[in-house]
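The values are calculated or read from the model by the stated rules, or taken from the named source; none is laboratory data. The shown structure was predicted, so the numbers you read here are calculated from the model rather than taken from an experiment. Note that we place each Cβ from the backbone using ideal geometry, even for glycine, and neighbour counts take in every protein chain shown. For accessibility, only protein heavy atoms count, side chains too; no ligands or nucleic acids. Shrake-Rupley method; radii C 1.70, N 1.55, O 1.52, S 1.80 Å.
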Amino acid sequence: MNLCQTEKHFLLYQVRHAVTAAAQSCSAVPECKVLSNQVIIATCDNNSPIAQVSIVFRAGSRNETYDTQGTAHYLRLAAGLSTSSSSAFAITRNIQQLGGNLITILDRETIAYTLQVTTDNLSDTLNFLESAVTKQVFKPWEISDQLPRLKSELASLPETTLVIELLHKAAYRNSGLGNSLFIPENQIGKIGSETLQHFFNTWCTTPRCAVVGTGVSLTDLTTLASNLSINTAVNSDESSKYCGGEIRKEAASDLTKVALAVEGANLKSDKDALACAVLQRASASGPRVKWGVSGSPLYKEISSIAGAEPFGLSTFNASYTDSGLFGVVLCSQPDLAGSLTKASRKWLKSMKLSDNDIARGKSILKTEVLDSADNALCLLESMQQQAVLKGKVSSPVSLANDIDKITPSDVQAVVGKISRGKLSMAAIGNLRTVPYIDELN
């Protein structure tokens, strides 16, 4: 057999292996149950050579008070610091020596501590994950050592991220979902060990905890979850009320970023949440072909106004347990920003979608859901959110089937609610042409 034939056979083997792996990840059915200590465990044992185990809490920036804003940000940075049983050096060295990773992801409602390691080294590293999560002591000198990293993160935040943070603050004000994922500058250095420990003990409790994994058996997760040394108190989230409002931030920039939103769907209704997700993809979720342009109705409308001038545009949808945001984020040169903002607001008031647009949105959403099953971290994050927020986990195939059940009338019902919603707006950059919110209502 010559070299060329060998390469062809090897390539064919790779393709077959990839297809088989994708089929296994999509067909593996997640298992989920609630233990006697009220911890939810969920796993998708897809025979992956890499095991992922997450300890997730229903605790995020929404649980901060006005005086403790930034605590969740500090808590994320404190992952992997010294505990009552291991030093920061021991945690780092032992996990890295076995080729593992310890990562922490924070959002407004959850914080997830995730261990990634080969399956044969899982048993040797789980104790370090448990120690890093449940036995934190928040030594004052280690917390103060995080200040340079904290300031570096704030300084490197892109304006697109900042405008979304300001939009949440405008929509929900200084409480609950309005709290930023990032510490306010006036709070830097004010969050100490006692504040962190109190926050963790209050919100990171067993009734608000889930242990989630991929490539690991339900038995292994049960053993870990049953022995977690955390508080058992039952604490409820304070409901976040959507208010609407406006925040503008002038900045020396060549571009203008504007975010417009109204209240969207929450997670209490699966149908409304899925319909809102379909609506986002049908409206303007960006081009689906590299170097291509979007064929969505909003993009076409904005393009006719922008002409040959460059601009960026995308709809976004954020669904939380008790509220949600649906809107548009745009970026353009300052002279163009005003007209694009007015056109986007006009579109939010009277969204016109055909059945073909909705069918396209459903196809895009199904593709994203099924494609994420091939990405181990995306699959894990989906299971984390479902387990800790909904108390159950659906497979990617099941989610795709639920999307199929969404009808055009379901989407139009959501459109009707959104078109009547109260507006929130945030803008950053050169704002000389950007209208105020009262000019858009």
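Structure data summary
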quantity: First in segment 38-67 and farther than 18 Å from residue 133 by Cα and open to solvent by less than 10 Å² (accessible area, probe 1.4 Å), second anywhere and part of a loop (DSSP other than H, G, I, E, B) and among the aromatic types (Phe, Trp, Tyr), Cβ under 6 Å, 6 or more apart; calculated: none
quantity: Residue in segment 215-229 that is in contact with an Asp or Glu (Cβ under 6 Å, 6 or more places away or on another chain) and under 30 Å from residue 432 (Cβ atoms) present; calculated: no
quantity: Selection count where residues are open to solvent by 40 Å² or more (accessible area, probe 1.4 Å) and of a type outside the set (Ser, Thr, Tyr), scope segment 117-152; calculated: 13
quantity: Test: residue in segment 197-205 that is of a type in the set (Ser, Thr, Tyr), within 18 Å of residue 75 (Cα to Cα) and either open to solvent by 70 Å² or more (accessible area, probe 1.4 Å) or not assigned by the TED database to the domain that holds residue 262 (or both); calculated: yes
quantity: Selection count where residues are acidic (Asp, Glu), more than 30 Å from residue 52 (Cα to Cα) and not in a helix (DSSP H, G or I), scope segment 372-426; calculated: 0
quantity: Residue that is nearest to the chain's Cα centre (by Cα), among those in segment 323-340 that are among the polar types (S, T, N, Q) and open to solvent by less than 10 Å² (accessible area, probe 1.4 Å); calculated: 323
quantity: Residue that is nearest to the chain's Cα centre (by Cα), among those in segment 144-181 that are under 16 Å from residue 328 (Cβ atoms) and among the aliphatic types (A, V, I, L, M); calculated: 164
quantity: Top-ranked residue in segment 293-311 [being open to solvent by less than 30 Å² (accessible area, probe 1.4 Å) and within 25 Å of the chain's Cα centre (by Cα); ranked as modelled with the highest pLDDT]; calculated: 298
quantity: Qualifying residue in segment 342-363 (condition: more than 18 Å from the chain's Cα centre (by Cα) and acidic (Asp, Glu)); calculated: yes
quantity: Residue, modelled with the lowest pLDDT, within segment 270-287, restricted to residues that are open to solvent by less than 40 Å² (accessible area, probe 1.4 Å) and outside any helix (DSSP H, G or I); calculated: 286
quantity: Leading residue by the ranking (surrounded by the fewest Cβ atoms within 10 Å (Cβ to Cβ)) among those in segment 231-254 that are within 23 Å of residue 42 (Cβ to Cβ) and within 25 Å of the chain's Cα centre (by Cα); calculated: 236
quantity: Positions within segment 411-441 being of a type in the set (D, E, K, R) and farther than 20 Å from residue 316 by Cβ, in sequence order; calculated: 432, 438, 439
quantity: Of residues in segment 26-63 being β-branched (Val, Ile, Thr) and not in a strand (DSSP E or B), the one modelled with the highest pLDDT; calculated: 39
quantity: Verdict on residue 343 being within 26 Å of residue 213 (Cβ to Cβ) and touching a residue at least 40 places away in the same chain (Cβ under 8 Å); calculated: no
quantity: Helices (runs of 4 or more DSSP H) (entirely within segment 105-218) containing at least 2 residues that are closer than 20 Å to residue 89 by Cβ and either touching a strand residue (DSSP E or B) at 6+ places or on another chain (Cβ under 7 Å) or of a type outside the set (S, T, N, Q) (or both); calculated: 122-134, 140-144, 147-155
quantity: Filter result for the condition that a residue is open to solvent by 30 Å² or more (accessible area, probe 1.4 Å) and modelled with pLDDT under 90, over 290, 346; calculated: 290
quantity: Residues of segment 102-128 that turn out to be touching a helix residue (DSSP H, G or I) at 6+ places or on another chain (Cβ under 7 Å) and without any contact (Cβ under 8 Å) to a residue 60 or more places away in the chain, as a count; calculated: 5
quantity: Criterion (hydrophobic (A, V, I, L, M, F, W, C), assigned by the TED database to the domain that holds residue 205, under 28 Å from residue 243 (Cα atoms) and out of contact with any Leu (no Cβ under 8 Å at 6 or more places or on another chain)) met by exactly one of 147, 166, 181; calculated: 166
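Yes/no matrix, rows are residues, columns are (1) closer than 28 Å to residue 257 by Cβ; (2) open to solvent by 10 Å² or more (accessible area, probe 1.4 Å):
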| residue | (1), (2) |
| --- | --- |
| 351 | yes, yes |
| 361 | yes, no |
| 378 | yes, yes |
| 385 | yes, yes |
| 390 | no, yes |
